[in-house]
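Engineer: The structure is given below, and queries will be raised subsequently.
The values are calculated or read from the model by the stated rules, or taken from the named source; none is laboratory data. Owing to the predicted nature of the structure, the values given are computational and were not obtained by experimental measurement. Here the Cβ positions follow ideal geometry from the backbone for every residue, glycine too, while neighbour counts run over all protein chains shown.
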Amino acid sequence: MDTLADSHADTGTADGTHPGKGHNAPTLTEADARHVLHAWADLSTLGEEGALVVNEAKGVRVRDREGKSYLDAIGGMWCMTVGYGNEELAEAIGNQARKMAYYTPFGDVTSAPAARLSQKLAELAPGDLNRVHFTTGGSTAVESAVRIAHYHFSAQGQPEKRHVLSRVNAYHGGTYLAQSLSGKAADRTHFHYESDFVHHLSSPGHDPDRSSLSARERLAELTAEMEAKIAELGPENIACFIAEPILASGGVLTPPEGYQKATWEICRKHGILYISDEVVTGFGRLGHFFASEARFGIQPDMIVTAKGITSGYQPLGAVIISDRIMEAMSQAAPEDKPVFSNGFTYSGHPVACAAALKNIEIMEREGICAHVREIGPYFNERLRALRDLPIVYTVRGDHLMACVECWTGEAPGPNAANMALAARVDAYCQEAGLLVRPYENLAILSPPLVVTRADVDEIIDILSDALIRAGEDLKAGRL
């Protein structure tokens, strides 16, 4: 992140060194700059700037090495549900690690936490989604879901049903296939991507404040395009459609009302599996453990989950699969090779599963989802008041996922001028003790689900001031 004041230095020992390393040992910031390749690193400045060294966290706040406190309006990375430093969660993790830290999940071996968590997820998931395939995170869960779709059809003598529909601006993860499914232009660089069987429909975002189309007109446009693409490829060649209910990392893009159900019905009509990517929208961020049915009235063939499943305390992902899909796969498995050859060394990791079980217990006991349904509208109401500021192009979101889009007043979108303006907003926020997620010309917000009204007020007050100051810089030619 950009910063206006250097609060990143690692203090180490009293003389600025680290024990046992000598007087010329680098600080943590220097070591990071020299040795760590960060996710989504800016390679043009590699090694020139050190990262913010976050050292402690409690509730909705984190603290850097110098002791400066920040309200974390990012929620880690969309994943913080019950807040940082929860002693119950930490104790559950420690207890399981002491009892049994790990054992192989392959074949006919399981652990008590994995078995109990699979049962709990089946209870929380809609319809007949009763079978759980554990992974290491959202990316591997997405990859596994598509492989399951491929296996499902191939085992039934339809190997040609392998094409996958996704959307522009979607984000589904960082593995080869998950990145290929993602549709964010900014992420496409010198890597290779699967283009033979992956197809991207238009971005489904609809902003009623800026669009010339009504929600009904936009929905008709999107569904017509989907039907046309299915006709072009042939439904007999399409395995699945994968969709975030609300596009998160692509810019908190909300489709027009009825879009989720309309696309689900199109998939049902054409025999295409529907994969709901709830890595972000699941586990309370929209006020429900899963939003697919509770918010959008659909029962997907598979739900992908991760992030909030453990409140970020441990890495874990899962694909929750319908009984119909599993029964068809089981019955059609080849006699000479009936093995489902997909999984990971850390699938169903007992410590991670113990964390997820305790996280769900805390969320249910403390009514976290109900709290989000109460605080979410207030959060968005206060955010939307920022639309009156000159450098705010629009504000969009749903409950505790939202963003503010910045612009100079000329061409909207992620051009150099608008991105520089958003970076200045981010810098002023950080200076004032607020962490937002800068992406292109956006300030993205996804605070921990335990955020209070007072926290919301602090977020909006700091962000408002940062937007005003950045606007003044723009007007004075300081950008």
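Engineer: Considering only residues that are small (G, A, S) and in contact (Cβ under 8 Å) with a residue 40 or more places away in the chain, look in the stretch 364-378 and name the one that is nearest to K120 (Cα to Cα).
Structural biologist: A370
Engineer: Moving on. Give the residue that is surrounded by the fewest Cβ atoms within 10 Å (Cβ to Cβ), with candidates limited to residues of the stretch 209-241 that are among the acidic types (D, E) and within 28 Å of L286 (Cβ to Cβ).
Structural biologist: So, considering only residues that are among the acidic types (D, E) and within 28 Å of L286 (Cβ to Cβ), the one surrounded by the fewest Cβ atoms within 10 Å (Cβ to Cβ) is D209.
Engineer: Restricting attention to the stretch 325-336, does a residue exist that is assigned to a helix (DSSP H, G or I), assigned by TED's automatic domain parsing to the domain that holds F106, among the hydroxyl-bearing types (S, T, Y) and at pLDDT below 95?
Structural biologist: yes
Engineer: For the stretch 329-344, name all the residues that are polar (S, T, N, Q) and in contact (Cβ under 8 Å) with a residue 40 or more places away in the chain.
Structural biologist: If the condition is that a residue be polar (S, T, N, Q) and in contact (Cβ under 8 Å) with a residue 40 or more places away in the chain, then N342 is the only one that fits.
Engineer: Looking at P256, P245 in this structure, which one is outside any helix (DSSP H, G or I) and under 19 Å from G127 (Cα atoms)?
Structural biologist: P245
Residues checked against (1) surrounded by fewer than 19 Cβ atoms within 10 Å (Cβ to Cβ); (2) farther than 20 Å from A115 by Cβ:
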{"site": "I325", "(1), (2)": "no, yes"}
{"site": "M329", "(1), (2)": "no, yes"}
{"site": "E335", "(1), (2)": "yes, yes"}
{"site": "F340", "(1), (2)": "yes, no"}
{"site": "G348", "(1), (2)": "no, no"}
{"site": "C353", "(1), (2)": "no, no"}
{"site": "A356", "(1), (2)": "no, no"}
{"site": "I360", "(1), (2)": "no, no"}
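Engineer: A follow-up question, please. If a residue must be assigned to a strand (DSSP E or B) and of a type in the set (D, E), how many such residues does the stretch 394-436 contain?
Structural biologist: 2
Engineer: Would you check which residues across the stretch 149-169 are under 21 Å from G317 (Cα atoms) and either out of contact with any helix residue (DSSP H, G or I) (no Cβ under 7 Å at 6 or more places or on another chain) or hydroxyl-bearing (S, T, Y) (or both) and list them?
Structural biologist: Once the filter is applied, which keeps residues that are under 21 Å from G317 (Cα atoms) and either out of contact with any helix residue (DSSP H, G or I) (no Cβ under 7 Å at 6 or more places or on another chain) or hydroxyl-bearing (S, T, Y) (or both), the stretch 149-169 yields A149, H150, Y151, S166.
Engineer: Could you tell me which of the residues E244, E257 is charged (D, E, K, R) and surrounded by 20 or more Cβ atoms within 10 Å (Cβ to Cβ)?
Structural biologist: E244
Engineer: With the condition kept exactly as written, say whether any residue in the stretch 376-393 is at negative phi and in a strand (DSSP E or B).
Structural biologist: yes
Engineer: If the requirement is being within 25 Å of the chain's Cα centre (by Cα) and closer than 26 Å to G205 by Cα, which of these qualifies: L389, L421, L434?
Structural biologist: Answer to the check: L421.
Engineer: Being crowded, with 21+ Cβ neighbours inside 10 Å, out of contact with any Asp or Glu (no Cβ under 8 Å at 6 or more places or on another chain) and of a type in the set (G, A, S) is the filter here, so list the residues in the stretch 398-434 that pass it.
Structural biologist: The answer is A402, and nothing else.
Engineer: Do we find a residue being touching a strand residue (DSSP E or B) at 6+ places or on another chain (Cβ under 7 Å), of a type in the set (D, E), under 21 Å from P208 (Cβ atoms) and touching a residue at least 24 places away in the same chain (Cβ under 8 Å) anywhere in the stretch 438-460?
Structural biologist: Checked the stretch 438-460: no residue is touching a strand residue (DSSP E or B) at 6+ places or on another chain (Cβ under 7 Å), of a type in the set (D, E), under 21 Å from P208 (Cβ atoms) and touching a residue at least 24 places away in the same chain (Cβ under 8 Å).
Engineer: Hey, among T189, T223, which residue is outside any helix (DSSP H, G or I), β-branched (V, I, T), over 16 Å from R147 (Cα atoms) and not assigned by TED's automatic domain parsing to the domain that holds A41?
Structural biologist: Answer to the selection: T189.
Engineer: Right, here's the next one. Condition first: over 21 Å from the mean Cα position of the chain (by Cα) and either in a loop (DSSP other than H, G, I, E, B) or among the aliphatic types (A, V, I, L, M) (or both). Now tell me which residues in the stretch 53-82 satisfy that.
Structural biologist: V53, R65, E66, G67, K68, listed by residue number.
Engineer: While we're on this one: Given the residues F134, F197, which is the only one that is in contact (Cβ under 8 Å) with a residue 24 or more places away in the chain, more than 21 Å from the chain's Cα centre (by Cα) and at negative phi?
Structural biologist: Within the list F134, F197, the selection yields F197.
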